[in-house]
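Okay, so here's the structure we're looking at.
The values are calculated or read from the model by the stated rules, or taken from the named source; none is laboratory data. Please read these numbers as outputs of a predicted model, since none were measured by experiment. All Cβ positions, even for glycine, are placed from backbone atoms using ideal geometry, and neighbour counts span all protein chains on display. The protein model used for the area step is the full one, side chains on, heavy atoms only, and it has no ligands, DNA or RNA in it. Shrake-Rupley method; radii C 1.70, N 1.55, O 1.52, S 1.80 Å.
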Protein chains: 2
Amino acid sequence: MSRFDQLPADTLFKALEAATPQDTLPATTTLLDAVRFNAEGLLPAIAQQYDTKEVLMMAWMTREALEETLSTHRVCYYSRSRKKLWRKGESSGQQQHLKSAALDCDGDTLLLQVDQTGPACHTGRRSCFYLSLTSDDATINSEPLIHPNELYGNR
Amino acid sequence: MSRFDQLPADTLFKALEAATPQDTLPATTTLLDAVRFNAEGLLPAIAQQYDTKEVLMMAWMTREALEETLSTHRVCYYSRSRKKLWRKGESSGQQQHLKSAALDCDGDTLLLQVDQTGPACHTGRRSCFYLSLTSDDATINSEPLIHPNELYGNR
């Protein structure tokens, strides 16, 4: 039992702001009831390589995708274009293995520490964030590790 | 001039997938015309401490907020609750200074490298991602650096 268990979902994250590492928190299922998925039922999830700390990508999860990720430790997103669960690497072979996950203070964003095999980006680059911007101009900041034709069998 | 300048906005990011660090890219204003802000005109922006690589927070930007951030180097978000521009630190004093910014492959997410003064989180913690989750249970993974009453003058 947790002293936070009896709180209504809409006040739970506010109450947890004052919690400490010593507190017993509600079970994950109770927290997921309170998570603020958006109007489409989606939560943004940031994937960070656990050892180098490089931010690899941001994608979206349904509750089902998040539950599968936490239980299998293989990262599963929801593809908004294909409208279905997307087990990262199922086409490209470049999987993400979950090391740890954390919600933010208001329960509407997730940060994943992952171990990414090869490139995270469908372009073959390690990270999706390869378009560097200044107030005036832009540059490409990295090159593919693998040609996308190799990743996706020249489809 | 860039060989990508004449492309319609809806195909620009696709065309840039094959660009290299040697390519001359369109001006930032042309890229911002193509950025895929959501239906509310917002873009998710991830803030990462530039030297330690800790992911501090995720918040939202309008085009105006992004342009201001790129030109002033002081990070400005859009507050969805207050419905106005939010210059990070304007209440708490805990500012974010921009080191660099990068868009992702499909132009719908931004990664900021910042130098964050003190805590990024309104709870006084360094990072907003303090609720660690496993498939079964949750724990608080960090304590405030500063009590929030000190950050916000006991409001």
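Values for this structure:
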{"quantity": "Formal net charge of residues neighbouring B:Thr117 (Cβ-Cβ distance under 15 Å; K, R +1; D, E -1)", "calculated": "+1"}
{"quantity": "Carbon and sulfur %, accessible surface of segment A:1-122 computed with the full protein complex present, 1.4 Å", "calculated": "49 percent"}
{"quantity": "Cα-based Lys pair tally, segment A:1-114, threshold under 25 Å, eight or more apart or on separate chains", "calculated": "4"}
{"quantity": "Segment B:36-120: proportion of alpha-carbon pairs further apart than 19 angstrom, %", "calculated": "30 percent"}
{"quantity": "Principal axis dimensions, chain A - Cα atoms, whole angstrom, descending", "calculated": "53, 36, 31"}
{"quantity": "Heavy-atom accessible area per residue - segment B:36-120, 1.4 Å, Å²", "calculated": "39 Å²"}
{"quantity": "Where the Cα pairs of the protein assembly as shown fall when distances are cut into 20 Å bins, in %", "calculated": "32, 59, 9, 0"}
{"quantity": "In the A-B interface, the accessible area buried, summed over both sides, Å² (probe 1.4 Å)", "calculated": "4400 Å²"}
{"quantity": "Copies compared at B:Ser71 - label distances in nm, ascending, label defined 7 Å from Cα in the Cβ direction", "calculated": "5.2"}
{"quantity": "Most fluctuating residue given options A:Ser127, A:Ser79, A:Ser135, as computed from a GNM of chain A linking Cα atoms under 10 Å", "calculated": "A:Ser135"}
{"quantity": "Helix axis angle, B:63-72 relative to chain B longest principal axis, alpha carbon, degrees", "calculated": "80 degrees"}
{"quantity": "Longest exposed-site-free window of chain B, the sites being GluC sites (Glu not before Pro) in a DSSP loop that have at most 13 other C-beta atoms within 10 Å", "calculated": "B:91-155"}
{"quantity": "Segment A:38-124 - percent relative contact order, Cα under 8 Å, separation 6 or more", "calculated": "29 percent"}
{"quantity": "Copy-to-copy label separations for B:Thr24, where each label sits 7 Å from Cα toward Cβ, in nm and ascending", "calculated": "6.7"}
{"quantity": "Cα-only radius of gyration and Dmax that characterise segment A:106-146, units Å", "calculated": "13.5, 38"}
